[in-house]
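Here is the structure we will look at.
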Amino acid sequence: MNIDILTLFPEMFNSIMGESIIGRARNKGIIKINPINIRDFSKNKHNRVDDYPYGGGSGMVLMNQPLFDALKSITQNRKNSRIVYLTPKGKTYNQKIAKVLSNEENLVLLCGHYEGIDQRIIDEWVTDEISIGDYVLTGGELPAMVLIDSIARLIPGVLGKSESFIDESFYSGLLEYPHYTRPSNYKGRKVPEILLSGNHKLIDEWRTKESIRITIERRPDLIAKLFKRDDISMKEKVKLKKMINEVIKISNSKV
Ligand SMILES: C[S@@+](CC[C@H](N)C(=O)[O-])C[C@H]1O[C@@H](n2cnc3c(N)ncnc32)[C@H](O)[C@@H]1O
């Protein structure tokens, strides 16, 4: 996968996206992360990239010319690029969007700055507007890195054998079950007996029920969404409903 990032701060990417799992995936050539400095495309004699907003008001807007030229130069070689503008006004990012984007061959991430970019660049070039949450950051660089990290780990070969995303929170639609490692008794706090039993069927069942319990407690909205999904069969939904009822019964009996 090729990821081109249009930014005023390319160095931010080379440091953070050069480490750990993403750094390894880059070294193996599974993903190519290419930060491009918008300023390099400025035709202004002082290399300016911002201008005043029409209609007045505070703040500046990223100029059209450098953005237009940068987008034209990137898409010349990559005709089917998906162009994502990171903006608080965009669709709120989630694991489902990460999955969709992880199937793309060419991705362009456009990082705004100041008050943002000219609407005409959005209208002409941008295929998706994405927000990473209901808060405002100073620039699109951190949001772009959030996207890259979450997308890259879904690409085959990026995670090692010991690091799987299948069981993780959100992938299945539920939050993940709790993890434990050695020792089995840590300062009097014991690992749940079932995890030491070696019975994988019972362990899987315990994990699913724990996932359900945590999701009901923290994100009941996710449970409701599961029942609306088309990729889960009626039979599986009935099984899930049964497990949910069992979990609710157990937690009610604890009160
Ligand atoms: C100061 S913000 C601009 C905010 C904009 N004036 C508004 O009110 O919607 C500068 C840039 O940071 C990025 N940004 C800030 N918050 C973001 C968020 N929650 N999600 C994605 N991008 C964000 C965008 O690229 C934006 O153009």
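Miscellaneous remarks
- For peptides 11-18, 66-73, sequence by mean Cβ density within 10 Å, most packed first: 66-73, 11-18
- Expressed as a whole percent, the accessible area of the chain that falls on carbon and sulfur atoms is 52 (1.4 Å probe).
- Inter-label distance, nm, simple model (7 Å from Cα along the C-beta direction), ASP40/ASP69: 1.3 nm
- Projecting the Cα positions of ILE38, LEU101, PHE9 onto the charge dipole of segment 1-128 (unit charges on Cβ atoms of Lys, Arg, Asp and Glu, taken about the Cα centre) puts LEU101 furthest along the positive direction.
- Cα centroid separation, segment 173-187 to segment 84-155: 33 Å.
- A simple charge model with +1 on the Cβ of Lys and Arg, -1 on the Cβ of Asp and Glu and nothing else charged puts the dipole of segment 42-113 at about 180 debye relative to its Cα centre.
- Leading residue at positive end of dipole, the chain (Cβ point charges), from GLY116, ILE194, GLY140: ILE194
- Residue (of TYR171, GLY23, ASN245) at the positive-pole extreme of the chain, dipole from beta-carbon charges: ASN245
- About its Cα centre, the dipole of the chain is roughly 1180 debye, where the only charges are +1 on Lys and Arg Cβ and -1 on Asp and Glu Cβ.
- What segment 185-254 shows is 78 Å² of accessible area per residue, with the surface traced by a 1.4 Å probe over protein heavy atoms.
- Dipole magnitude for segment 121-255: about 1340 debye, using +1 per Lys or Arg Cβ and -1 per Asp or Glu Cβ, origin at the Cα centre.
- Annotation: HIS179 carries an accessible surface of approximately 120 Å², with a 1.4 Å probe and no ligand, DNA or RNA atoms counted.
- The modelled label-to-label distance for the pair ASP204/LYS239, using points 7 Å beyond Cα in the direction of Cβ, is 0.8 nm.
- 1.4 Å probe accessible area per residue over segment 2-152, in Å²: 53 Å²
- Helix axis angle, 64-77 relative to the chain longest principal axis, alpha carbon, degrees: 70 degrees
- Alpha-carbon centroid distance for the pair segment 202-250 / segment 39-58, whole angstrom: 52 Å
- Of the residues VAL146, VAL61, ranked by 1.4 Å probe accessible area with the largest first, the sequence reads VAL146, VAL61.
The values are calculated or read from the model by the stated rules, or taken from the named source; none is laboratory data. Treat the numbers as computed from the prediction; the structure is a model and nothing was measured. A quick note on method: Cβ atoms are made from the backbone with ideal geometry, for glycine too, and the neighbour counts reach across all protein chains shown. These area figures cover heavy atoms from the full protein model, side chains too; ligands, DNA and RNA do not enter into them. Shrake-Rupley method; radii C 1.70, N 1.55, O 1.52, S 1.80 Å.
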